[in-house]
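K.L.:
Here it is, the structure, as structure tokens.
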Amino acid sequence: MRGDYFLKSLQDGRNVWLGGVKIEALPQHSAFKGTLETIRHLFNMLDDPDKRDIVGFQVPGKEAFAHSSFLVPYSTEQLSQRSRSFAYWSQETHGMMSRLSDYARSLVTGWYAAREQIGRLDPHFESKISSYYEMARDNDLFLTTAIIDPQIDRSSGLEDSRIADRFLHVVKETSEGIVIRGAKMIATGAPYTHDFVVFSFLNFKADESKHAHVLIVPANSEGLHIVCRESFADNREQSHILSSRYEEMDAVLFFEDVFVPWERVLLHGDSEKVLKLRANKTANSLAFHQNIVRYVAKLEFVAGIAFAVAEAIGANGFLHVQEKLGELLNQINVMKALVIASETQAKPDETGVWIPELSYIDTARSIGTKFYPRAIEILQQVGGGGFVQAPSGVEDFYGPISKLMHLYFEGASVSAEKKVQLFKLAWDLIGSPLGARHELYERFYAGDPVRAYANQYLGTHTEQLTDPVWKLLKEASKRGASFV
């Protein structure tokens, strides 16, 4: 089974650091074990005859199946196939695993799909991305991104050598490749990835060209250190269902003279070219499409918990609670509508690749930064103090005070034990370290939300909205003059 192969493949000499210690056996470590079991389960679906058609597609000319994030859509049916695979994985994990590789895979697939367009920037790009795409697809590689520069002094730029030396940059070029040094953050899923998709995020000046790049770096590269944040995994599954299964982990990457062969250097030395690649509509539409499909599953999960809590304590009959629960439904419907709109208004690009409408995707990504924190706030308001009065664990129901536990923790529509389990699940979402991380993540995973809204305005041809206004005023002026 390919899930088992995936676990074995992580024993490749990578430098994963947690708590100041290098982790030698990821699948056995308590910080990673539960998450890796989740990923193993998802990867195994491609070997299951009942599921592989849902999450994958048969590679043309081969018997093997690949995940549909690698599918280049040339029809509405194939675009729907991609969407179906994203939805299935997201529903399996309740939207709690945002970087299950299908995002970064979609980015690579988008670059491959747009290889002729992007190839105008560099004559070697097309052959490099074609070779890598096929290799990643056929070997079922786990991919993630690392694009943000370290936060050192936000008030200073690269003219400050303290900053420039620590932003990822090329220190040497050879006939075989480049050597890079510096750091990148925040690499979600970093301990589990096979390769990092790394690219510069800022608009660098001409004399800062050593910082401009688009690279694919193996996770086990010599000199690459994957420095994990504190683990939020909790192996007490009955009390921490989410934390025990869905701790994707985030990390900062230290590149200490890491060698990258030329075939993995897609672009380098030209910030303008990198920015043009980043702005490629085909790639962004295919990759960001995954974001919003996942978001639907996550909003549905939060709403489901909120509804269950309201019913369990008999609060669902109050008008103010019903209003809040209705708001959660509106969130889901809005996000679903934007997904549907992006897919039904999809159009082929210049090479015939069927891409979802990016304007609806951008809208979904922007409002999602407000939807999720609000959804969590509503869940907190529905359950109120009940979340902090839950006992330490369900084990208390089988101890000396079992009778009292059942008496005083009983709900309006569920048993005491079920009610406690439900509140424990909700607390893992709203009060645990994992839950706090998810709220922060959803606020900022798509970048600065203020800039995102501003970019939507700046990228819109506003004349289609302002022209009718000026036309009406002009007509009114003419009519007014005629009465004089």
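K.L.:
So Ser155 ticks every box in (1) surrounded by fewer than 18 Cβ atoms within 10 Å (Cβ to Cβ); (2) of a type in the set (S, T, N, Q); (3) within 16 Å of the chain's Cα centre (by Cα) but one. Which box is left unticked?
P.N.:
(3)
K.L.:
Anything in region 403-421 that is free of Cβ contacts under 8 Å to residues at least 24 places away in the same chain and open to solvent by 30 Å² or more (accessible area, probe 1.4 Å)? List them, or say none.
P.N.:
Within region 403-421, Lys403, Leu404, His406, Leu407, Tyr408, Phe409, Glu410, Ser415, Glu417 qualify.
K.L.:
Have a look at Arg437, Arg365 and point out the one that is touching a residue at least 24 places away in the same chain (Cβ under 8 Å), open to solvent by less than 60 Å² (accessible area, probe 1.4 Å) and out of contact with any helix residue (DSSP H, G or I) (no Cβ under 7 Å at 6 or more places or on another chain).
P.N.:
Arg437
K.L.:
Another one. Which of the residues that make up region 273-323 are free of Cβ contacts under 8 Å to residues at least 12 places away in the same chain and either closer than 30 Å to Lys347 by Cβ or crowded, with 20+ Cβ neighbours inside 10 Å (or both)?
P.N.:
Ala279
K.L.:
Which of the residues belonging to region 108-129 are in contact with a Ser or Thr (Cβ under 9 Å, 6 or more places away or on another chain) and surrounded by fewer than 23 Cβ atoms within 10 Å (Cβ to Cβ)?
P.N.:
Arg115, Glu116, Gln117, Gly119
K.L.:
Considering only region 324-349, how many residues are crowded, with 17+ Cβ neighbours inside 10 Å and without any contact (Cβ under 8 Å) to a residue 24 or more places away in the chain?
P.N.:
So the answer is 1.
K.L.:
Take the residues in region 228-237 that are among the charged types (D, E, K, R) and either under 21 Å from Arg40 (Cα atoms) or modelled with pLDDT under 95 (or both), then tell me which one is surrounded by the most Cβ atoms within 10 Å (Cβ to Cβ).
P.N.:
Among those residues, the one meeting the criterion is Asp234.
K.L.:
Return the residue satisfying two criteria in turn: it lies in region 372-391 and is under 28 Å from the mean Cα position of the chain (by Cα) and among the polar types (S, T, N, Q), and of such residues it is surrounded by the fewest Cβ atoms within 10 Å (Cβ to Cβ).
P.N.:
It comes out as Gln381.
K.L.:
Can you pull out every residue in region 238-272 that is of a type in the set (Gly, Ala, Ser), surrounded by 20 or more Cβ atoms within 10 Å (Cβ to Cβ) and either more than 21 Å from the chain's Cα centre (by Cα) or part of a strand (DSSP E or B) (or both)?
P.N.:
If the condition is that a residue be of a type in the set (Gly, Ala, Ser), surrounded by 20 or more Cβ atoms within 10 Å (Cβ to Cβ) and either more than 21 Å from the chain's Cα centre (by Cα) or part of a strand (DSSP E or B) (or both), then Ser239, Ala251 are the ones that fit.
K.L.:
Say we look at region 182-219 and pick out the residues that are under 15 Å from the mean Cα position of the chain (by Cα) and open to solvent by 20 Å² or more (accessible area, probe 1.4 Å); which of these is modelled with the highest pLDDT?
P.N.:
Here the residue is Met185.
K.L.:
Just to confirm my filter: which strands (runs of 3 or more DSSP E) fall fully inside region 1-74 and include at least 1 residues that are open to solvent by 10 Å² or more (accessible area, probe 1.4 Å), farther than 22 Å from Pro218 by Cβ and not β-branched (Val, Ile, Thr)?
P.N.:
Where strands (runs of 3 or more DSSP E) fall fully within region 1-74 and carry at least 1 residues being open to solvent by 10 Å² or more (accessible area, probe 1.4 Å), farther than 22 Å from Pro218 by Cβ and not β-branched (Val, Ile, Thr), they are 56-58, 65-67.
The values are calculated or read from the model by the stated rules, or taken from the named source; none is laboratory data. Keep in mind it's a predicted model, so treat the numbers as computed, not measured. Every residue, glycine among them, receives a Cβ derived from its backbone with ideal geometry; neighbour counts consider all protein chains shown. What goes into the accessible areas is simple: the full protein's heavy atoms, side chains included, and nothing from ligands, DNA or RNA. Shrake-Rupley method; radii C 1.70, N 1.55, O 1.52, S 1.80 Å.
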